[in-house]
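Just so you know, all these numbers are worked out from the coordinates, no wet-lab data involved. In this text, all values refer to a predicted model and were calculated from it rather than measured experimentally. Don't worry about glycine lacking a Cβ; one is built from the backbone with ideal geometry, like all the others, and counts go over all protein chains shown.
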Number of protein chains: 2
Amino acid sequence: MAQILADRRDIDFVLHEQLKVETLASHEKFADFNRKAVDLIVTEARNLAVKEVLPTQTDGDRIGARFDAGAVRVPESFHKAWKALREGEWLAMTEAPEWGGQGMPRTVATAASDYLMGASFAFLMHAGLTHGAGKLVETFGDDRQKRLFLKKLYTGEWTGTMLLTEPEAGSDVGALTTTAVPQPDGTYAITGNKIFISGGEHDLTPNIVHPVLARIEGAPAGTAGISLFLVPKIRVNDDGSLGEPNDVVCTGIEEKMGIHGNATCSIALGGKGGCRGTLLGEANKGMRAMFQMMNDARLMVGHQGLSCASPAYLYAVNYARTRHQGRHLSRLLDKSAPAVPIIQHPDVRRMLSTMKLHVEAMRSLVYLISNYHDRIAVSADAEEKDRLHGMIDFLIPIAKAYVTDRSFEVCSLGVQVYGGYGYVREYPMEQLLRDCRITAIYEGTNGIQAMDLLGRKLGQNGGKPIMDLGEEIRAAISEAAGVDRTAPFAEALEPALVKLEEVARHMGMTAMYGDLLTASAHAYPFMEACGDVVTGWMLLWRARVAAQALAAGARERDAAFYEGQVRSCEFWTRMLLPQALGRMEAVLSGCTAALDMPEDGFGGK
Amino acid sequence: MAQILADRRDIDFVLHEQLKVETLASHEKFADFNRKAVDLIVTEARNLAVKEVLPTQTDGDRIGARFDAGAVRVPESFHKAWKALREGEWLAMTEAPEWGGQGMPRTVATAASDYLMGASFAFLMHAGLTHGAGKLVETFGDDRQKRLFLKKLYTGEWTGTMLLTEPEAGSDVGALTTTAVPQPDGTYAITGNKIFISGGEHDLTPNIVHPVLARIEGAPAGTAGISLFLVPKIRVNDDGSLGEPNDVVCTGIEEKMGIHGNATCSIALGGKGGCRGTLLGEANKGMRAMFQMMNDARLMVGHQGLSCASPAYLYAVNYARTRHQGRHLSRLLDKSAPAVPIIQHPDVRRMLSTMKLHVEAMRSLVYLISNYHDRIAVSADAEEKDRLHGMIDFLIPIAKAYVTDRSFEVCSLGVQVYGGYGYVREYPMEQLLRDCRITAIYEGTNGIQAMDLLGRKLGQNGGKPIMDLGEEIRAAISEAAGVDRTAPFAEALEPALVKLEEVARHMGMTAMYGDLLTASAHAYPFMEACGDVVTGWMLLWRARVAAQALAAGARERDAAFYEGQVRSCEFWTRMLLPQALGRMEAVLSGCTAALDMPEDGFGGK
């Protein structure tokens, strides 16, 4: 039977053959998570995803979150799916059991999320945001805040959000104007207006907990004067019971291109003077708190991209197997030749191959970053931890921006494989394309990710992260060079890595000593060049493992899978790598045409 | 004031400075169309577009075409706009006055359409399809068919469609099964079901004329047995008055991702046995008739792409001028620095520059093809006509596929420039992106365009068209090489052209003598490589004209425009050409990985 959402064979391959996740079980922290347990978790996640979560995908899109006089109603299936998520304790898979979590390795939770988010990422946003809010409470909250909020968030009794954006302060967070005035009881009176608040209002749970960025009266201008507050929709009594409403009002929701299942709210705080919050962490350190959470949020958005691309690929490949149209090209002139499944047409194979390699590379990348986190969690070696942290920091903007851009491309190719049917609502592709488009925008637009890579990550620690990654990639190249079938691909990736390192030096020097404007004009293609090489790395790694398995004599069913890994790497190496090298040339050109364009030269006036 | 829909300065540049359209007026056929007349037409089209057509853009999307019990209602603004199109005689701009046309050069009509379609291409589809149906009647109709239908179509009293696709015969037209049985009165009884019929039913006009592809009883299998019929929704009496309904029933319309303003209909013909049509042209020659019309239809779809991309660009550039956010990078550390318009941020300029060059290159290409048609119309030189026809044939799949792919990219970049606002319905970008997506699918998917380029156009006439184009491009390179500011770009394009010719030979040889499957697997990147070089050609041509004007001393306002042309060419040459060369490398690699992938290796089973 055709698989949907995510390819189980591929998930197993990444977990067990590429990342060898079971080695984590040798550490006490993850002792419960042997292969059998891991496989069971993934199977349960898949069942839940298909049975309970998938209905929220179409309901979310067709019915959507509906706004009426300050209240937002979600479709009925959302309530059922939320209950199932809560009962299965899927909302804080990686957190401590003491707070309602399951203590799972992140790698394993990522595999479970592959199915859950693949079934309906707009619905799962409620879970992701709730987890994120919980993490803020866990990391920065005092005992009382933890006692009142943490378990309720981690168990999904309440949900959480993040109130950051304001009308005049989108990407420029430092410009925000929401104010917090200290009250005699130690709380703060919060006043301001926030927009683009995902899951800001709904009827899934009786309370919603809003971490809010605001400025304490008299605080410094810019980001240095921003603090973080915990603002519940309904006030919480000291015994944990619900009190009075907290003057947190949803004033409207956006009509969007997609993710209709998650209300994007405008929120008025303290319009009647009655909004109270408590300081979360230190005063004026709100941005630092945000930054600590940002890596997770950005990785989640990358995973959302995967959660569009992976179902899109599977729908497309299964459609291409069953849709008969046109003669096989080898019998082009034989009018009696039957129509064949379109998967036999070379151009359809080109599209499917492109989709496949991107889905697989992004899956490996997203899992790998999670795996780095797990390795940090079990490591006693401070240097190793730093090394892994540095590589995570460097990879995050790639996992967010490069992955979501490719996801959109994959979804668009999926539409194309379906032809006219791809454009109509009866089939799942057009929704995936619409939903996916947000991932390049929120949690920092992809352009901002590229600036983050250039401005913060490239020079971090004297450039150590990119050097460490280079070492990892070289090790993978060297292993693949020793395997017959992957040796040519290894040989092709090596000079690309060398060139990327040259590009990185060029970018670093330009930004630091020359011309920040020019460097910034190339930040995006530089990010893409990094993503290209990381993609090549992931595919080469996969192909090497697969080629070794083939050489060792795989079962027939596995053999096709492994062969597919080798072919994906070949396709990337010969079809896409040359373009990647061209992109690096472009960065090295130092072209300033976009900067030199006179503003009126853009026309339109 | 900010311009919308299309940049008038750019339209004037293409018409008068690049293509020198006024030279057509020296021929009797186009004597009325001197510069003053041309400018007046464009101005009138712009006024009509903004005043009457633009309201149909949002109405079409929000209200849409609504289906109820076989009838389709369009929004009220559609009726008003249709009336205005009819009154201004905009529906057959290029056709003979005898049949209700204006006898305009196609180049000029294309400029008018730039505004009209830019305002609402889903609404304008009604006009385009009506013109196409009229052209079929004009070309293949007998006197009676012309008398009864032609003027009514060209004046928009009735509309027209094209009934081609069937559920089991999408891209594979030869598989269609709609039948035509000769009747004693010379008509045919038509029976069958058609799908994806744009504008197949509506209440804009009292009658709809359907050209229908069907198979006469006993006709050969495949495309050789397909005939074309004229099937009105309401039968037409010999005096031109409307008779009885013709058993043409709209059984439903598609829920689509976009172009909601144009109903995509399922049509049942002769369900009650009462559908009658007349043969249009010769029996079994229906496909040939279709092919003759196909170039026009495909060019129109390319223009639809431009009609999404051009407004998207102008909206984005104007938004970027007015949206203030973030400090200028040169004052990054100065916290007192004010927020600047985002057009000053390098990454926004990268996006705008990319959008700009694609819009301008595709505008030049679409106008150029129209201009070739006009030059054919006024030429007495048979060889020259053949040469122009050949180049048109070669450029059509590029103008359809490459242009619509780039249009989608431009719209997506437009969304990105708007950030979160790009994703919400309040702003125009997300609709443009949704609408645009169809253009890569209909009138032959872009994959089919690529196969058309490889299979029919590349080898046409011994490869003469691509050689002729090479000559045109070389002439442009040579002219640009003689101008200081464009010499370096000319120098860069020349080897790219040489390489493209190598790629073309490689593709031709592979397809003819070697391996059609391998060639087909590269058809798409080959089409893209052709499009890349054509883009470079258009931009170099523009830049050379602009650089000469600058050197001759342009007015200040013009100077910025011209400088923008030179910068666009520079940006393409240094940023995008290296990737284009990489794409050519990929084609030359002859990679067969997509073909060699075992079917099970695609996974998902």
With only alpha-carbon atoms in the gyration tensor, what are the semi-axes of the equivalent ellipsoid for region A:159-284, in Å, largest first? 22, 20, 11
Could you state the number of Å between the C-alpha centres of region B:455-484 and region A:191-251? 64 Å
From the label point of B:Lys464, set 7 Å from Cα along Cα→Cβ, how far away are the matching label points in the other copies, in nm, ordered shortest to longest? 6.9
When every alpha-carbon pair in region B:20-154 is counted, what percent end up more than 25 Å apart? 33 percent
Sorted from largest to smallest, which semi-axis lengths in Å does the alpha carbon gyration tensor of region B:422-467 give for its equivalent ellipsoid, taking the root of 5 times each eigenvalue? 36, 10, 6
Can you name the chain B residue with its Cβ nearest the rotation axis from B to A, and give the distance in Å as a whole number? B:Gly582, 2
Cut-off is 10 Å between beta-carbons; in what order do A:Trp572, B:Trp541 appear when sorted fewest neighbours first? B:Trp541, A:Trp572
Quick one: Cα centre-to-centre distance for region A:374-403 and region B:365-398, in angstrom? 58 Å
Which one, B:Ala594, A:Gly582, B:Tyr319, projects farthest toward the positive side of the charge dipole computed for the protein assembly as shown from Cβ point charges (K/R +1, D/E -1)? B:Tyr319
Dipole in debye (nearest 20) - region A:8-154, about Cα centre, beta carbon charges: Lys, Arg +1; Asp, Glu -1: 280 debye
Footprinting exposure proxy for B:Thr178, A:Thr165 (fewest neighbouring C-beta atoms within 10 Å first): A:Thr165, B:Thr178
Could you tell me how many degrees, from 0 to 90 and to the nearest 10, lie between the Cα long axis of helix A:35-48 and the main elongation axis, the longest principal axis, of the Cα atoms of chain A? 70 degrees
Would you kindly calculate the mean projected area, averaged across all directions, of the convex hull enclosing the Cα atoms of chain B, in square nanometres? 30.5 nm²
At 1.567 mPa s and 4 °C, Stokes diffusion of region A:447-594 via Kirkwood alpha-carbon radius, µm² per second: 80 µm²/s
Ranked list, fewest to most other Cβ atoms within 10 Å of each Cβ, for B:Met467, B:Met290: B:Met467, B:Met290
Once the mean of 1/r over all distinct C-alpha pairs in region B:346-435 is inverted, the Kirkwood radius in Å reads 15.0 Å
Label region A:235-326 by shape, choosing from rounded, prolate and oblate, from the square roots a ≥ b ≥ c of the eigenvalues of the Cα gyration tensor; if a/c is under 1.5 it is rounded, and otherwise prolate applies when a/b is larger than b/c, oblate when it is not. prolate
Shortest first and in nm with one decimal, please list how far the A:Val498 label point sits from its counterparts in the other copies (point 7 Å along Cα→Cβ). 2.6
From the helices alone, meaning DSSP H stretches of at least four residues, give me the mean residue ellipticity at 222 nm for chain B, per-run term -39500 (n - 2.57), in deg cm²/dmol to the nearest 500. -16500 deg cm²/dmol
Rounded to the nearest 10 degrees, the helix A:487-509 long axis (Cα) sits at an angle to the longest Cα principal axis of chain A of 40 degrees
Using the scaling law 2.2 N^0.38 Å as the reference, what is the normalised Cα Rg of region B:135-214? 1.18
Please list, or write none, the aspartates and glutamates whose alpha carbon is within less than 19 Å of the alpha carbon of A:Lys385, excluding same-chain residues fewer than 8 places away. A:Glu28, A:Asp296, A:Asp374, A:Asp393, A:Asp468, A:Glu471, A:Glu472
Note the per residue figure in Å³ for the convex hull of the C-alpha positions in the protein assembly as shown. 168 Å³
Test item: Cα-centred dipole of the protein assembly as shown, Lys/Arg +1 and Asp/Glu -1 on Cβ, debye: 740 debye
Please report the orientation-averaged projected area of region A:81-187, defined via the convex hull of its C-alpha atoms, in nm². 8.6 nm²
What shape does region A:352-397 take by its C-alpha gyration tensor, where a ≥ b ≥ c are the square roots of the eigenvalues and a/c under 1.5 counts as rounded, a/b above b/c as prolate, and the rest as oblate? prolate
Candidate lysines for bridging to B:Lys335, where Cα separation is under 29 Å - those fewer than 8 sequence places away on the same chain excluded: A:Lys194, A:Lys285, A:Lys400, A:Lys457
Dividing the surface of the Cα convex hull of region A:271-370 by four yields a projected area in nm² of 11.7 nm²
Mean separation of Cα pairs under 8 Å and 6+ residues apart, divided by the residue count of chain B: what relative contact order is that in percent? 12 percent
For region A:47-109 and region B:121-137, what is the separation of their C-alpha centers, rounded to whole Å? 48 Å
In straight Cα distance, which lysines are under 18 Å from A:Lys51, not counting same-chain residues fewer than 8 positions off? A:Lys80, A:Lys83
Treating only Lys and Arg (+1) and Asp and Glu (-1) as charged, each at its beta carbon, one finds that chain B has a dipole about its Cα centre, in Debye to the nearest 20, of 1280 debye
Relative to the longest principal axis of chain A, what angle (0 to 90°, nearest 10) does the C-alpha long axis of helix A:382-397 take? 80 degrees
Output row for A:Asp142: copy-to-copy label distances, label 7 Å along Cα→C-beta, ascending, in nanometres, one decimal, is 9.5
